[in-house]
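> Got a structure for you, questions after.
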Amino acid sequence: MARIDYSDPASASERTREILGKNRNANIFRMMAHSPAYLEQYCRLGGAIRNKGELDPVIRELAITRTGILCEAPYEVAAHKRIGGYVGVSDEQNAALDNWQAATCFDDTQRAALAFTDEIVARHRPTDATFKAIAARLTPGALVELQLAVGFYIMTSKFLESFAIDMQPVSEVV
């Protein structure tokens, strides 16, 4: 159960109701709607991370889902496993993310991105060797986008867990 009540869309501004509607009134956004200005900017950056840029969407979703796993945010994991499926992450890859190091279903670039993700979350920055491995496989732009995606979803995962956002059927919100 959420630690504070969700905002009431009926008492929100027209712009906030519009944003909530575009996001299927998912609980995470209803909680963020307590701060309409932050909600709007959060959605803008989240939209850029998910829909703009050059980073391969499979790599992006593997990294985001792995971030949710490491941050122990089941809401995030469930949502991004589903989103990952839409962009080409296989069921085998989604199932292997808990122990990706032992899995054979990831290519070298995906493995480098997952190592990079693990170190950002656990060590707060990648080692030189891990950074060099992923930098050799991505353009500078894609590398920046990967790091920003991981950072954004660390924040998102911590938000979800701080407020104890209630799970919803993922099919209703993603």
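The values are calculated or read from the model by the stated rules, or taken from the named source; none is laboratory data. Because the structure is predicted, anything quoted here is derived from the model rather than measured. Methodologically, a virtual Cβ is constructed for each residue, glycine included, from the backbone with ideal geometry; neighbour enumeration extends over all protein chains shown. Side chains are part of the model used for accessible areas, which takes the heavy atoms of the whole protein and leaves out ligands, DNA and RNA. Shrake-Rupley method; radii C 1.70, N 1.55, O 1.52, S 1.80 Å.
> Does Val150 meet the test of being assigned to a helix (DSSP H, G or I), in contact with a Gly (Cβ under 8 Å, 6 or more places away or on another chain) and of a type in the set (Val, Ile, Thr)?
Numbers: assigned to a helix (DSSP H, G or I): yes; in contact with a Gly (Cβ under 8 Å, 6 or more places away or on another chain): no; of a type in the set (Val, Ile, Thr): yes.
The answer is no for Val150.
> If you scan the stretch 136-158, which residues turn out to be open to solvent by less than 40 Å² (accessible area, probe 1.4 Å), more than 19 Å from Leu70 (Cα to Cα) and of a type in the set (Gly, Ala, Ser)?
Gly141, Ala142
> Just need a number here: residues in the stretch 14-67 that are of a type in the set (Val, Ile, Thr) and under 15 Å from Gly84 (Cα atoms). Break it down stepwise before answering.
Within the stretch 14-67, the first condition is being of a type in the set (Val, Ile, Thr), and the residues that meet it are 16, 19, 28, 49, 58-59, 64-65, 67.
So of that shortlist, the ones also under 15 Å from Gly84 (Cα atoms) come out as 49, 58-59, 64-65, 67.
Total satisfying the criteria: 6.
> In a loop (DSSP other than H, G, I, E, B), of a type in the set (Ser, Thr, Tyr) and out of contact with any strand residue (DSSP E or B) (no Cβ under 7 Å at 6 or more places or on another chain): is that true of Thr104 in this structure?
yes
> Looking only at the stretch 135-143, decide whether some residue is closer than 20 Å to Leu160 by Cα and outside any loop (DSSP other than H, G, I, E, B). Quick ask: steps written out before the conclusion?
Restricting attention to the stretch 135-143, the residues satisfying the condition of being closer than 20 Å to Leu160 by Cα are none.
Looking for residues that are closer than 20 Å to Leu160 by Cα and outside any loop (DSSP other than H, G, I, E, B), one finds none in the stretch 135-143, hence no.
> Can you pull out the residues in the stretch 5-41 that are open to solvent by less than 30 Å² (accessible area, probe 1.4 Å) and either out of contact with any helix residue (DSSP H, G or I) (no Cβ under 9 Å at 6 or more places or on another chain) or closer than 26 Å to Leu148 by Cβ (or both)?
Step one: of the stretch 5-41, the residues open to solvent by less than 30 Å² (accessible area, probe 1.4 Å) are 7, 12, 16, 19-20, 26-28, 31-33, 39.
Those that are open to solvent by less than 30 Å² (accessible area, probe 1.4 Å) and either out of contact with any helix residue (DSSP H, G or I) (no Cβ under 9 Å at 6 or more places or on another chain) or closer than 26 Å to Leu148 by Cβ (or both): Thr16, Ile19, Leu20, Ala26, Asn27, Ile28, Met31, Met32, Ala33, Leu39.
> Identify the residue in the stretch 104-132 that is more than 18 Å from Thr67 (Cβ to Cβ) and in contact (Cβ under 8 Å) with a residue 12 or more places away in the chain and, among all such residues, is least open to solvent (accessible area, probe 1.4 Å).
Of the residues in the stretch 104-132, the ones more than 18 Å from Thr67 (Cβ to Cβ) are 104-105, 107-108, 128-129, 132.
Checking which are in contact (Cβ under 8 Å) with a residue 12 or more places away in the chain leaves us with 105, 108.
Numbers: Cys105: 27, Asp108: 103 Å².
The qualifying residue least open to solvent (accessible area, probe 1.4 Å) is Cys105.
> Let me confirm something: among Gln168, Gln147, which residue is among the polar types (S, T, N, Q) and modelled with pLDDT under 95? Lay out the reasoning, then the answer.
Details: Gln147 fails: modelled with pLDDT under 95.
Gln168 is the lone residue from the list that is among the polar types (S, T, N, Q) and modelled with pLDDT under 95.
> Continuing with the same structure: Please indicate, with yes or no, whether at least one residue in the stretch 162-171 is surrounded by 19 or more Cβ atoms within 10 Å (Cβ to Cβ) and in a helix (DSSP H, G or I). Write out each step before concluding.
We begin by selecting, within the stretch 162-171, every residue surrounded by 19 or more Cβ atoms within 10 Å (Cβ to Cβ); these are 165.
From what's left, in a helix (DSSP H, G or I): none.
Within the stretch 162-171 (the criterion being surrounded by 19 or more Cβ atoms within 10 Å (Cβ to Cβ) and in a helix (DSSP H, G or I)), the answer is no, since none of the residues qualifies.
> Output the number of the condition that Lys132 fails; it satisfies all remaining conditions of (1) at pLDDT 95 or above; (2) part of a loop (DSSP other than H, G, I, E, B).
(2)
> While we're on this one: Do we have any residue at all in the stretch 64-76 that's touching a residue at least 24 places away in the same chain (Cβ under 8 Å), of a type outside the set (D, E, K, R) and not in a helix (DSSP H, G or I)?
Just the residues of the stretch 64-76 that are touching a residue at least 24 places away in the same chain (Cβ under 8 Å), to begin with: 64-76.
Right, trim to of a type outside the set (D, E, K, R) and you get 64-65, 67-71, 73-75.
Checking the rest, the ones that are also not in a helix (DSSP H, G or I) come to 71, 73.
Within the stretch 64-76 (the criterion being touching a residue at least 24 places away in the same chain (Cβ under 8 Å), of a type outside the set (D, E, K, R) and not in a helix (DSSP H, G or I)), the answer is yes, since at least one residue qualifies.
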